[in-house]
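The values are calculated or read from the model by the stated rules, or taken from the named source; none is laboratory data. Being a predicted model, the structure only gives us computed values, none of them experimental. Positions of Cβ are generated from backbone atoms using ideal geometry, with glycine treated the same way; all protein chains shown enter the neighbour counts.
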Amino acid sequence: MDEVKQIVSDIRNKIFRPVYFLMGEETYYIDKISEYIATNVLSEEEKAFNQMLLYGKETSIEQIVSNAKRYPMMSEKQVLIIKEAQHLSRTIEQLSDYVENPQESTVLVICFKYKTIDRRKKLYKTLSKHNGLIFNSKKLYENQVSEWIRLTLKGRGYAISHKAAILLVEYLGTDLSKINKELEKLEFILPKNIQINPDHIEQHIGISKDYNNFELKKAIGEKDVLKATKIIKYFSENPKDNPFVITLALLQNFFSQLLQYHGLTDHSPKNVASTLRINPYFVSEFQVAARNYPMKSVSSIIGTLREMDLKGKGVGTTAMSHADLLKELLVRII
């Protein structure tokens with residue numbers, strides 16, 4: 001992200017803001033920026049007396065302001081980092097008075113995770129007006145995460161195949177912190193300047209390169225009954241690693257997008273990828289699935305998936321085993 005690069009560049013060049021308000025749903029960048037500030041503003045000798053970490057659950061705005069207003073000892077700056085500041089959401093507006101007249105020798109970092117402050121209220125406007133930095137860390141869409149993985153690894157001296165990146169997203173979701181932990185694991189094991197492939201993912205992270213939701217979705221879209229049956233059998237034998245609710249959610253999303261695909265007048269790959277918010281890599285899958293499942297059939301399948309969701313939760317029916325749920329799901333779709 002260009003904004004993150006600019007923040008890091010400014011800090012490296014000793015250009016500091018009196019207040020960094022880091023907020024938003026994606027916690028990865030909030031953690032990375034606060035860690036970079038904690039590591040790079042003060043020297044190791046200065047940190048002992050001039051760097052403090054507080055937690056939102058255990059402090060108050062009054063305590064934050066009191067600590068922020070004190071002067072550094074034998075240093076030009078002090079750093080005050082407030083972790084989990086979202087626990088102060090009811091009182092966070094009280095920080096406005098300090099932001100209007102911040103202590104220039106203090107670098108105050110507010111880590112306000114999973115939510116944002118109201119742009120219409122005083123704190124946001126005061127931060128914008130008085131040289132505070134507001135960083136909104138937004139969640140990446142699923143179709144953006146595989147590219148993030150590629151660029152992150154490239155910056156660390158690695159490459160990754162497209163399928164391997166998709167496997168990671170399929171298995172780990174869009175949580176960048178979670179994905180980064182697995183990438184660091186791969187970096188620790190694998191030498192630099194190689195391309196990470198599905199075999200590496202299977203061997204070191206434990207994601208089967210052949211039996212996963214990504215391959216199941218593809219097999220169902222192609223109406224490849226044999227392949228889909230093999231994957232379902234594997235899922236039945238490994239229920240903890242392949243929860244029914246995850247498989248169902250992925251198929252619900254796939255067929256909802258397929259219904260949307262049928263409604264498009266422009267089926268060019270660029271428009272499909274943009275409208276459905278999918279990686280261009282998947283466009284061909286929708287082209288194939290659209291031929292196998294006309295719009296009326298897709299609507300019926302979406303109804304079936306809702307019914308299977310209730311069955312999976314045991315609503316209105318006797319409890320079914322994981323294997324039976326998967327078998328019925330496959331039979332009713334294909």
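With the condition kept exactly as written, say whether any residue in segment 280-299 is of a type in the set (K, R) and within 25 Å of the chain's Cα centre (by Cα). No, that holds for no residue. Checking each residue in segment 4-30 for being surrounded by 17 or more Cβ atoms within 10 Å (Cβ to Cβ) and assigned to a helix (DSSP H, G or I) picks out I7, I11, T27, Y28, Y29, I30. Per this entry, S89 is not counted among residues that are farther than 30 Å from L140 by Cβ and not hydrophobic (A, V, I, L, M, F, W, C).
Take the residues of segment 209-226 that are buried (at least 21 other Cβ atoms within 10 Å of the Cβ) and touching a residue at least 60 places away in the same chain (Cβ under 8 Å): which is nearest to K163 (Cα to Cα)? Looking at residues that are buried (at least 21 other Cβ atoms within 10 Å of the Cβ) and touching a residue at least 60 places away in the same chain (Cβ under 8 Å), I get K217. Looking across segment 237-275, the residues that are loosely packed, with under 13 Cβ neighbours inside 10 Å and of a type in the set (V, I, T) come down to V245, T265. For segment 144-161, name all the residues that are surrounded by fewer than 19 Cβ atoms within 10 Å (Cβ to Cβ) and either in the same structural domain as N101 (by TED's automatic domain parsing) or out of contact with any Pro (no Cβ under 9 Å at 6 or more places or on another chain) (or both). Result: Q144, E147, W148, R150, L151, T152, K154, G155, R156, G157, A159.
Would you mind stating whether V298 is in contact (Cβ under 8 Å) with a residue 40 or more places away in the chain, within 14 Å of I220 (Cα to Cα) and touching a helix residue (DSSP H, G or I) at 6+ places or on another chain (Cβ under 7 Å)? Answer is yes for this residue.
Restricting attention to segment 31-51, does a residue exist that is surrounded by fewer than 17 Cβ atoms within 10 Å (Cβ to Cβ), among the acidic types (D, E), in contact (Cβ under 8 Å) with a residue 24 or more places away in the chain and assigned by TED's automatic domain parsing to the domain that holds L127?
Within segment 31-51, none of the residues are surrounded by fewer than 17 Cβ atoms within 10 Å (Cβ to Cβ), among the acidic types (D, E), in contact (Cβ under 8 Å) with a residue 24 or more places away in the chain and assigned by TED's automatic domain parsing to the domain that holds L127.
Close Cβ contacts (under 7 Å, 6 or more residues apart or on different chains) running from residues in segment 227-239 that are free of Cβ contacts under 8 Å to residues at least 40 places away in the same chain to residues that are in a helix (DSSP H, G or I) comprise K227/A219; I231/E215; I231/L216; I231/A219. Looking only at residues in segment 75-101 that are free of Cβ contacts under 8 Å to residues at least 40 places away in the same chain and part of a loop (DSSP other than H, G, I, E, B), the one that is nearest to N131 (Cα to Cα) is N101.
Residues considered: V19, V79, V4, V65. Of these, the only one that is touching a Pro at 6+ places or on another chain (Cβ under 7 Å) and β-branched (V, I, T) is V19. All of (1) assigned to a helix (DSSP H, G or I); (2) in contact (Cβ under 8 Å) with a residue 40 or more places away in the chain; (3) out of contact with any Lys or Arg (no Cβ under 7 Å at 6 or more places or on another chain) hold for K154 with one exception: (2). Restricting attention to segment 272-303, the residues being part of a helix (DSSP H, G or I), under 22 Å from I166 (Cβ atoms) and of a type in the set (V, I, T) number 4. K32 passes every criterion in (1) within 22 Å of N136 (Cα to Cα); (2) over 21 Å from the mean Cα position of the chain (by Cα) apart from (2).
Sort through L127, L190, L168 and tell me the only one that's of a type in the set (A, V, I, L, M), surrounded by fewer than 17 Cβ atoms within 10 Å (Cβ to Cβ) and either touching a residue at least 12 places away in the same chain (Cβ under 8 Å) or not assigned by TED's automatic domain parsing to the domain that holds R17 (or both). Just a single option satisfies the conditions, and that option is L190. Checked against the criterion of being of a type in the set (K, R), out of contact with any Ser or Thr (no Cβ under 6 Å at 6 or more places or on another chain) and at pLDDT 95 or above, segment 103-114 has no qualifying residue.
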